[in-house]
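Just below is one structure, and these are the notes that go with it.
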Amino acid sequence: MNHKENYTVDEATRKLEGYCAYQDRCHKEVVRKLKEMGMISIAIDTIVSHLINENYLNEERFAKSFARGKFKIKKWGKNRIVNELKFRDISRYNIQTALKEIDGPEYFTTLDNLAKKRLAQINERNIQKRKRKLADYLLYRGWESHLVYEKTNELIS
């Protein structure tokens, strides 16, 4: 049985304060959550405004922590991070700001380590197929194609 609880604006506001305090959220996630709770447009606007004014909801902070986390934990490249942020309707300005969170030297070291680790797992004798498998893996993880091909050619000759 699927029944929706009815929330007052105050109850929904408190619930969403907790939701946003637990981890940084983007506007799109908050609006989706409020719609799932059955809130009407004017209530959603009121609650989102409150969350922004009280600094529970901050899109720049969200974008920065998202970029840092996906890079450090999931080892994603900038392309994948940018695409995921765009999917969440993050502004171009906030995406550019978020990318500055990723350290240049650490970025290249991470790519190098990831490529070497993956290459050790590829059991393919054919050099072209080895290169293709490594490149596909790195491209899927969002690393820029010129870096991927440079690294692939450096590691497999």
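The values are calculated or read from the model by the stated rules, or taken from the named source; none is laboratory data. Everything quoted here is computed from the prediction, not taken from an experiment. In this analysis, Cβ positions are derived from the backbone assuming ideal geometry, glycine residues included, and neighbour counts consider all displayed protein chains.
All conditions but one from (1) part of a helix (DSSP H, G or I); (2) closer than 20 Å to Lys72 by Cα apply to Trp143; the one that does not is (1). On inspection, Asp89 does not qualify as surrounded by 11 or more Cβ atoms within 10 Å (Cβ to Cβ) and at pLDDT below 95.
Residues of segment 100-147 that are under 30 Å from Val31 (Cβ atoms) and surrounded by fewer than 17 Cβ atoms within 10 Å (Cβ to Cβ): Lys100, Glu101, Tyr140. Among the residues making up segment 30-52, those that are within 24 Å of the chain's Cα centre (by Cα), surrounded by fewer than 16 Cβ atoms within 10 Å (Cβ to Cβ) and more than 14 Å from Tyr7 (Cα to Cα) are Arg32, Ser49, Ile52.
Please verify whether Arg61 is in a helix (DSSP H, G or I), in contact (Cβ under 8 Å) with a residue 60 or more places away in the chain and among the charged types (D, E, K, R), treating the condition exactly as stated.
So Arg61 does not fit the description; no.
Residue by residue, here is whether (1) in contact with a Ser or Thr (Cβ under 8 Å, 6 or more places away or on another chain); (2) among the basic types (Lys, Arg); (3) part of a loop (DSSP other than H, G, I, E, B); (4) over 26 Å from Leu57 (Cα atoms) holds:
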| position | (1), (2), (3), (4) |
| --- | --- |
| Leu111 | no, no, no, yes |
| Ala120 | no, no, no, yes |
| Asn123 | no, no, yes, yes |
| Lys131 | yes, yes, no, yes |
| Val148 | no, no, no, yes |
| Glu154 | no, no, no, yes |
